[in-house]
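Below is one structure, written out as structure tokens; the observations come after it.
The values are calculated or read from the model by the stated rules, or taken from the named source; none is laboratory data. From a predicted model like this one, the values you see are computed outputs, not experimental measurements. Cβ coordinates were reconstructed from backbone atoms using ideal geometry, including for glycine residues, and neighbour counts include every protein chain displayed. Note: accessible area is taken over every heavy atom of the protein model, side chains too, but ligands, DNA and RNA are not part of it. Shrake-Rupley method; radii C 1.70, N 1.55, O 1.52, S 1.80 Å.
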Amino acid sequence: MVHRNDPEVITRLLTVPGRWAVVGLSTNTSRAAYGVAAYVQSLGHEIVPVHPQAPTVHGAAGVRSLADVAGPVDVVDVFVNSSLCGEVVDQAIAIGAGAVWLQLGVVDEAAAERARAAGLDVVMDACPAIEGPRRNL
């Protein structure tokens, strides 16, 4: 089954304040995750940087893995290579996240199907910093 993004899910995830765990977010300002995380924060969401080095980014304390995030996670925003994202999606399912957002260029149909089957909303191959302005956010 080929995943198709639901425009209503995208709008809801972007507009309803939530807690976003941003996997792959570091202090490297040249990486897309850095700017996208700032945009997500500007929409009123809390971010949790998830990176092996656990850096503080945009004032938010980082953690080394999704399992280390204290408290609920509404969206797991995935900034890792497609070949690695299946493991991140499985971790998102394990922590009870509400949604996974696979960034532009990150595609794993099997992982998306596992997430949907577990009851998570799924956005794949899309970017909040592109989808938000399309919605005048």
State whether region 1-98 is rounded, prolate or oblate according to the following rule on the C-alpha gyration tensor (a ≥ b ≥ c being the square roots of its eigenvalues): a/c under 1.5 gives rounded; otherwise a/b larger than b/c gives prolate, and the remaining case gives oblate. rounded
Select from Ile95, His58, Ala70 the residue farthest towards the positive end of the dipole of the chain; place +1 on Cβ of Lys and Arg, -1 on Cβ of Asp and Glu, and compute about the Cα centre. His58
Across region 43-54, in residue order, what do the Karplus-derived ³J(HN,Hα) couplings come to in whole Hz, using 6.51 cos²θ - 1.76 cosθ + 1.60 with θ = phi - 60° and x for Gly and Pro? 7, x, 8, 7, 10, 10, x, 10, 7, x, 8, 6
Where does each of 5-11, 23-29 land if you order them by average Cβ count within 10 Å, highest first? 23-29, 5-11
State, as an integer percentage, the relative contact order of region 14-137 based on alpha-carbon contacts under 8 Å between residues 6 or more apart. 22
Virtual spin-label span in nm between Ala32 and Ala126, 7 Å along Cα→Cβ: 1.4
A chain fully extended from Ala61 to Val2 at 0.36 nm per residue, minus the present Cα-Cα distance, gains in nm 17.6 nm
Qualifying trypsin sites (Lys or Arg not before Pro) for region 16-73 [loop in DSSP, other Cβ within 10 Å: at most 15]: Arg31, Arg64
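Could you give the length gained by full extension between Asn136 and Ala70, i.e. 0.36 nm per residue of separation minus their alpha carbon distance, to one decimal place?
Between Asn136 and Ala70, full extension yields 20.6 nm more.
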If we count every other residue with Cβ under 15 angstrom of Arg134's Cβ, Lys/Arg +1 and Asp/Glu -1, where does the sum land? -2
Please report, to one decimal in angstroms, the Kirkwood hydrodynamic radius of region 45-98 built from all distinct Cα-Cα pairs. 11.5
Once the dipole of the chain is set up from charges on Cβ (+1 Lys and Arg, -1 Asp and Glu), the residue from the list Leu13, Val123, Gly86 lying farthest towards its positive end is Leu13
Taking each pair of different alpha-carbon atoms in region 55-137 once, compute 1/r for the pair, average those values, and report the inverse of that mean as the Kirkwood hydrodynamic radius in Å to one decimal. 13.3
How large is the charge dipole for the chain, taken about the Cα centre, if only the Cβ atoms of Lys, Arg (+1) and Asp, Glu (-1) carry charge, to the nearest 20 debye? 280
Using a Förster radius of 22 Å, what is the FRET efficiency between Thr11 and Ala94 based on their Cβ-Cβ separation? Nearest 0.05, please. 0.25
Taking every DSSP bridge whose two residues both lie in the chain, the antiparallel percent to the nearest 5 is 5
Given a 1.4 Å probe and every protein chain left where it sits, what share in percent of the accessible area of the chain is carbon and sulfur? 52
